[in-house]
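Q: I am attaching a structure below and will ask some questions about it afterwards.
Any read-out appearing in this document is the output of simple, stated calculations on the displayed coordinates, not a laboratory observation. Not measured: the values here are computed from a predicted model. Methodologically, a virtual Cβ is constructed for each residue, glycine included, from the backbone with ideal geometry; neighbour enumeration extends over all protein chains shown.
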Amino acid sequence: QVHLVESGGDVVQPGRSLRLSCAASGFTFRDYGMHWVRQAPGKGLEWVAVISYDGSTKYYADSVKGRFSLSRDNSKNTLFVQMNSLREEDTAIYYCAKGNGESNPGIYYAMDVWGPGTTVIVSS
Amino acid sequence: DIVMTQSPDSLAVSLGERATINCKSSQSVLYSSNNKNYLAWYQHKPGQPPKLLIFWASTRESGVPDRFSGSGSGTDFNLTISGLQAGDVAVYYCQQYYTSPFTFGQGTRLEIK
């Protein structure tokens, strides 16, 4: 069964850093692009970033560019997002999601499997 | 950036009736090389992760009831839910994955009348 589980969410002060992880199982992780999507309290879904199947290509939303960095360890079926210089507006539920296609670079696809999410609260 | 605009923001429909949600993109999401529209629809219920309903604008995800259908091309798209059921109450989002940033619409809240 295809499964994604996020971890690492926490309460942090503005300006601090946090790293989220997403553990994947039930599919060949190295074949798929992976996304992060977030939902702030009372707001809609916001796409955050995507990484290609091999980690060579990454794209970011303007709101996190230069502060967030995606990486993946295909040997451990795990996706990461390093979040630096956190702001109160980064407070959200963070979801990782799998792209639903395998063609190189695996980025330009809808997201067919989602984790349950992990909560990040940025507050002083 | 491509701006995705959904209408209406909220919608109340009677059980068994049809609901239609519109999504417009600020530029075309149709890729001419493969004639595919890079447009997806998601259903999001409170306390759950979003669920993919439709991709390539009109391809139903496996396991999604055929009451859900997607249509449109270029910059104008619709999600239609026929025979509305109580379990369809949710917020529905369109998303383009044609170019980064892969933007979502603002969401449409669907309720039962």
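Q: How shielded is A:81-88 by partner chains, expressed as the average number of their Cβ atoms within 10 Å of its Cβ atoms?
A: That works out to 0 on average.
Q: Give me the extension gain from B:V64 to B:D1: residue separation times 0.36 nm, minus the current Cα-Cα distance, reported in nm with one decimal.
A: 19.7 nm
Q: Here's something else I'd like to know. Work out the FRET efficiency for A:S75 and A:S103 from their Cβ-Cβ distance, taking R0 = 22 Å, and round it to the nearest 0.05.
A: 0.45
Q: Rg(Cα) of the range B:22-65 divided by 2.2 N^0.38 Å?
A: Here the Cα radius of gyration is 1.34 times the empirical estimate.
Q: Find the relative contact order for chain B and round it to a whole percent, using C-alpha pairs within less than 8 Å whose residues are 6+ positions apart.
A: Relative contact order, chain B: 38 percent.
Q: Which of B:D88, B:D76, B:D66 ends up with the largest GNM mean-square fluctuation for chain B, with Cα atoms connected below 10 Å?
A: Looking only at B:D88, B:D76, B:D66, the largest GNM fluctuation is found for B:D66.
Q: Here is a follow-up. What is the distance in Å between the Cα centres of the range A:66-118 and the range B:40-113?
A: 21 Å
Q: Taking the square root of 5 times each eigenvalue of the Cα gyration tensor, what semi-axes in Å does the equivalent ellipsoid of the protein assembly as shown have, largest first?
A: Output for the protein assembly as shown: semi-axes of 28, 20, 17 Å.
Q: Which residue, chosen from B:Y92, A:A61, A:L45, occupies the Cα position most advanced towards the positive end of the dipole of the protein assembly as shown, where the dipole is computed from +1 (Lys, Arg) and -1 (Asp, Glu) charges on Cβ about the Cα centre?
A: In the protein assembly as shown, that residue is A:A61.
Q: List the extent of the Cα atoms of chain A along each of their three principal axes, largest first, rounded to whole Å.
A: Computed over the Cα atoms, the extents are 42, 28, 27 Å.
Q: For the range B:1-83, take every pair of Cα atoms, bin their distances at 10 Å starting from 0, and report each bin as a whole percent.
A: Computed distribution, short to long bins: 17, 48, 30, 5, 0.
Q: Using Cα positions and a limit of under 16 Å, work out the aspartates and glutamates in reach of A:K76, with same-chain residues fewer than 8 apart set aside.
A: A:E6, A:D31, A:D54
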